[in-house]
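K.L.:
Quick one: the structure is below, questions incoming.
Values quoted throughout were computed directly from the atomic coordinates according to the rules given, and no laboratory measurement underlies them. These numbers were taken from a predicted model, which means no experiment stands behind them. Using ideal geometry, Cβ is built from the backbone for each residue, glycine included, and neighbour counts are taken over all protein chains shown.
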Amino acid sequence: DTVTSRLSGFHKLPMEERLAQLGRMFRLAPEELNMLHGVGALQPTLANQMIENAVGTFSLPLGLGLNMMVNGRDYIVPMAVEEPSVVAAVSFAAKIVRESGGFIAEADPSMMIGQVQLTRFGDATEASQKILDVKDQILALANSFHPSMVSRGGGAKEVEVRVLPAPEGPRGEPLLIVHLVIDCQEAMGANLINTMAEGVAPLIEQVTGGKVYLRILSNLADRRLSRAMCRIPVPMLADFEMAGEEIAEGIAQASRFAQADPYRAATHNKGVMNGIDSVAIATGQDWRAIEAGAHAFACREGQYRPLSNWFLEEGHLVGRIELPLALGTVGGPIKVHPGVQAALKVMRVNSVREMSMVFAAVGLAQNFAALRALGSVGIQKGHMALHARCVAVTAGARGDWVEKIANELVKAGHVKVEKARELIAALSP
Ligand code: NDP
């Protein structure tokens, strides 16, 4: 494998040269480079076929997360995000991690859950038994709606029945929910799961005499978890004129804080999702589905907790992350959006599971960078320098002036639009 994600000095290159370098590395055609550059990536006519009431397209900056190494393989990670510092944070964290051996990651097979809600079923235990008695029939019926998934080795694999206590309210009867566990292979799966869930509902009604209302996938994709970890020797963490031990302690304390306190855990996980959403958007994933799954999973023990944690072990700082990732390399907009196609060519994953491992590692990398800053010098030092550029543009700076005004703002220690306007006025010829 000749591709390296360790592109030293990439951030200092002009944009055209970054593109030229990518073109050489991945043998991208000029049209593909144009797609990454955003030139005509998603034509309004195509957008009009994707959603309703379309009037055009909407753009976001596309950047590359560098230095990423997962299970010994290098990945350049396309990231679509409007927030400054996210791409830099991932690249920075991945650099430290690769120097200590890279991320180790794994992902479950693509098992998803389709839910069928049965009502008016009489006795819950009896109704459950009736459903389980025809389990094989239900599976066969589900699979009959999608034979091609079965021939790929996927399809409906399991039927489970859950009886849930009645929620508070005037109606006392329990709930009966049937789960179809479906292997979606390379797809996120929403459409095929919904088709199967709708398809088996009449049989479930028939054997129980009940009535089915809802039939839809669950976004709590907890059969489809991805995990990543890293182990960084403590001395490698030394920075900001602080010893590695001190930085490591700050990160471990931040992790304890998030474990104990949902107010902190929400922000901790927001940082994780900064990385994951960015790569999800660039690669055409349903990021609302990923978000919903991640936060529901974070709450699985009844208290909202961090998706990752950090601790000290034998002179190393160890970080781990686990979350559901319902991703696809096919389906949805993936083969439709030409920009997504170009982004996937750069990311060069061979399967959806491999993709999920990279996503998990990106989430952990982003989280590491945030905690490292938070537990030491604070987030604003690095963030403000990047934020200053946005402030400069807001105040009207363009071209070379953006960098110039941003630098002045940081120097003045006063990153505000008003101050930027003053500086522009004062420095204008
Ligand atoms: P699609 O239905 O677009 O694509 C999946 C299809 O791709 C499969 O059914 C299969 O069809 C085909 N396919 C080709 N090769 C493979 C392979 N190797 N493995 C698996 N399938 C393959 O997309 P999804 O079902 O994945 O649904 C995702 C979309 O659904 C997203 O856009 C999402 O936004 C949306 N959605 C999400 C919901 C939610 O999250 N709650 C709800 C509803 C929709 P074939 O066998 O015929 O080739």
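K.L.:
In a solvent-free Debye calculation with one equal scatterer on each Cα, what is log10 I(q)/I(0) for segment 154-263 at q = 0.13, 0.17, 0.20 Å⁻¹, listed in the order of the q values?
P.N.:
The calculated log intensity ratios at q = 0.13, 0.17, 0.20 Å⁻¹ are -0.73, -0.92, -1.11.
K.L.:
Give the distance, in whole Å, between the Cα centre of segment 282-312 and the Cα centre of segment 321-397.
P.N.:
Between the Cα centres of segment 282-312 and segment 321-397 lies a distance of 15 Å.
K.L.:
Using a Gaussian network model on the chain with a 10 Å cutoff between Cα atoms, which of ARG171, ARG215, ARG18 fluctuates the most?
P.N.:
Sorting by GNM fluctuation, first place goes to ARG171.
K.L.:
Apply the Kirkwood formula to segment 309-372: the hydrodynamic radius equals the inverse of the mean of 1/r over all pairs of different alpha-carbon atoms; give it in Å with one decimal.
P.N.:
One over the average 1/r among Cα pairs gives 13.7 Å for segment 309-372.
K.L.:
Right, here's the next one. Given springs between every Cα pair under 10 Å in a Gaussian network model of the chain, which of LEU13, LEU325, LEU312 has the largest fluctuation?
P.N.:
Ranking LEU13, LEU325, LEU312 by mean-square fluctuation puts LEU13 first.
K.L.:
To continue, here is another question. What is the order of HIS37, HIS146, fewest Cβ neighbours within 10 Å to most?
P.N.:
With the sparsest Cβ surroundings first, the list reads HIS37, HIS146.
K.L.:
Follow-up question, since we're still on this one. Wrap a convex hull around the Cα atoms of the chain, take a quarter of its surface area, and give that in square nanometres.
P.N.:
Hull-based average projected area comes out at 25.7 nm².
K.L.:
Hey, another quick one. May I ask you to order 412-422, 360-370, 74-84 by the average number of other C-beta atoms within 10 Å around their residues, highest value first?
P.N.:
Top to bottom by mean Cβ count within 10 Å: 360-370, 74-84, 412-422.
K.L.:
Measuring from centroid to centroid over Cα atoms, what is the spacing of segment 1-63 and segment 398-429 in Å?
P.N.:
Using only Cα atoms, the two centres lie 30 Å from each other.
K.L.:
Turning to a different aspect of this structure: Using the number of other C-beta atoms within 10 angstrom as an exposure proxy, rank HIS387, HIS11 with the fewest first.
P.N.:
Ascending Cβ contact count within 10 Å gives the list HIS11, HIS387.
K.L.:
Still on this model: Tell me the label-point distance for the pair PHE240, HIS414, using the 7 Å Cα-to-Cβ offset, in nm and rounded to one decimal.
P.N.:
For PHE240 paired with HIS414, the spin-label model returns 2.5 nm.
K.L.:
Longer than 32 Å from Cα to Cα, which of LYS12/LYS419; LYS12/LYS381; LYS95/LYS419 are they? Say none if no pair is.
P.N.:
LYS95/LYS419
K.L.:
Show which lysines lie in cross-link reach of LYS130 when reach means a straight Cα distance below 16 angstrom and same-chain residues fewer than eight apart are skipped.
P.N.:
LYS211
K.L.:
Please find, in a Gaussian network model of the chain (springs between Cα atoms separated by less than 10 Å), the residue of GLU106, GLU291, GLU246 whose mean-square fluctuation is greatest.
P.N.:
Highest fluctuation among the options: GLU246.
K.L.:
Express in nm, to one decimal, how much length is gained between VAL39 and ARG120 on full extension, taking 0.36 nm for each residue of separation and deducting their alpha carbon distance.
P.N.:
Between VAL39 and ARG120, full extension yields an extra 23.6 nm.
K.L.:
What does the helix-only formula give at 222 nm for the chain: each DSSP H stretch with n ≥ 4 adding -39500 (n - 2.57), the total divided by the residues, and the result rounded to the nearest 500 deg cm²/dmol?
P.N.:
That calculation yields -15500 deg cm²/dmol at 222 nm.
K.L.:
Counting other Cβ atoms within 10 Å, keep those with at most 10, restrict to DSSP loop, and tell me which GluC sites (Glu not before Pro) in segment 152-238 are left.
P.N.:
GLU168
K.L.:
Given points 7 Å out from each Cα along the Cα-Cβ axis, report the LEU312 to ALA54 separation in nanometres with one decimal.
P.N.:
Once both label points are built, they end up 5.5 nm from each other.
K.L.:
For LYS135, go through the aspartates and glutamates and keep the ones whose alpha-carbon is under 20 Å away, minus same-chain ones fewer than eight residues off.
P.N.:
Cα-Cα hits under 20 Å: ASP123, GLU126, GLU158, GLU160, ASP183, GLU198, GLU205.
K.L.:
Quick one, can you get me the convex hull of the C-alpha atoms of segment 310-429 expressed as volume per residue in Å³?
P.N.:
Considering the Cα atoms of segment 310-429, their hull volume per residue is 179 Å³.
K.L.:
If I model a spin label as a point 7 Å beyond the Cα along the Cα-Cβ vector, how far apart are those points for GLU158 and ALA47 in nm?
P.N.:
According to this spin-label approximation, the distance is 4.3 nm.
K.L.:
Most exposed first by the Cβ proxy, i.e. fewest other Cβ within 10 Å, how do LEU180, LEU220 rank?
P.N.:
LEU220, LEU180
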